1. Arranged by the count of other C-beta atoms within 10 angstrom, fewest first, what order do Lys156, Lys53 take?
2. Pick out, in residue order, every one of the chymotrypsin sites (Phe, Trp or Tyr not before Pro) in region 37-99 that is DSSP loop and has at most 14 other C-beta atoms within 10 Å; say none if there are none.
3. What's log10 of I(q)/I(0) for region 57-173 at q = 0.13, 0.18, 0.21 Å⁻¹, Debye sum over Cα points only, no solvent?
4. May I ask which of Lys121/Lys159; Lys68/Lys159; Lys108/Lys150; Lys108/Lys145; Lys53/Lys108; Lys89/Lys130 have a Cα-Cα span longer than 26 Å here?
5. With +1 on each Lys and Arg Cβ and -1 on each Asp and Glu Cβ, how big is the dipole of region 2-156 about its Cα centre, in debye rounded to the nearest 20?
6. Once both labels are modelled 7 Å past Cα along the beta-carbon direction, what's the Asn94-Lys130 spacing in nm?
7. At a Förster distance of 35 Å, what's the computed FRET efficiency of Lys156 paired with Leu21, Cβ-Cβ distance as r, to 0.05?
8. Using only the alpha-carbon atoms, how far is helix 40-49 inclined from the longest principal axis of the chain? Give it as 0 to 90 degrees, nearest 10.
Amino acid sequence: MMNSMNNQALVSELENRFSLLNVDLVSESQVAIDISNNDVHTVLAYLKSLGWKQLSMLTNVDWIEEGKYQLVYIIFNWDNPIYIQVRTKIERENPVFRTVTSVYPGAKYYERDVHEFFGVKFEGNPDSEKQLFLENWDDLPPLRKDFDAKAYSDRKYAKREYTKDFSNKGGKK
């Protein structure tokens, strides 16, 4: 039954089981649902039991005007090729969320990425605060909307003068 389910049938199934805050039918092969923080683990576990076994991505959106972050879990089913975005918002001021590694063990790396670039802490993932990409980073996480890249660059790097050493006119200097 699930192998032939289209995105509208999937949404109906989820609406019957859970309290969805919002649904976006992004395309024929992509559905986005917004749910409360308390439902994330249950919804992800349920969808995994239906065949959405691959966590393709965990990312984060900074809604600075709302004082919120939006965690976005993107999962995929190889037998029923519909991507599902499971989205929830957390407080930006104290960004803490419980790890989903009990459902998707590979989330431990995605959680490290989201921690490093946005500062979200994932309780229950002992590795979530280990540096993954930004060696010796010493400022606000760089994908936060209040991170000032120019101020950081001015503070960290000496000013240099650059001279034009080429011409784009027919390759001649």
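1. By the 10 Å Cβ count, ascending, the order reads Lys156, Lys53.
2. Loop-located and lightly packed - Trp78.
3. Taken in order of the listed q values, log10 I(q)/I(0) reads -0.63, -0.94, -1.19.
4. Lys121/Lys159; Lys68/Lys159; Lys108/Lys150
5. For region 2-156, the charge dipole is close to 280 debye.
6. Going from the Asn94 label point to the Lys130 one covers 2.8 nm.
7. 0.30
8. 60 degrees
Taken together, the values in this text are just the output of simple stated rules run on the coordinates, not laboratory data. A quick note: this is a predicted structure, and the numbers were derived from the prediction, not measured. In this analysis, Cβ positions are derived from the backbone assuming ideal geometry, glycine residues included, and neighbour counts consider all displayed protein chains.
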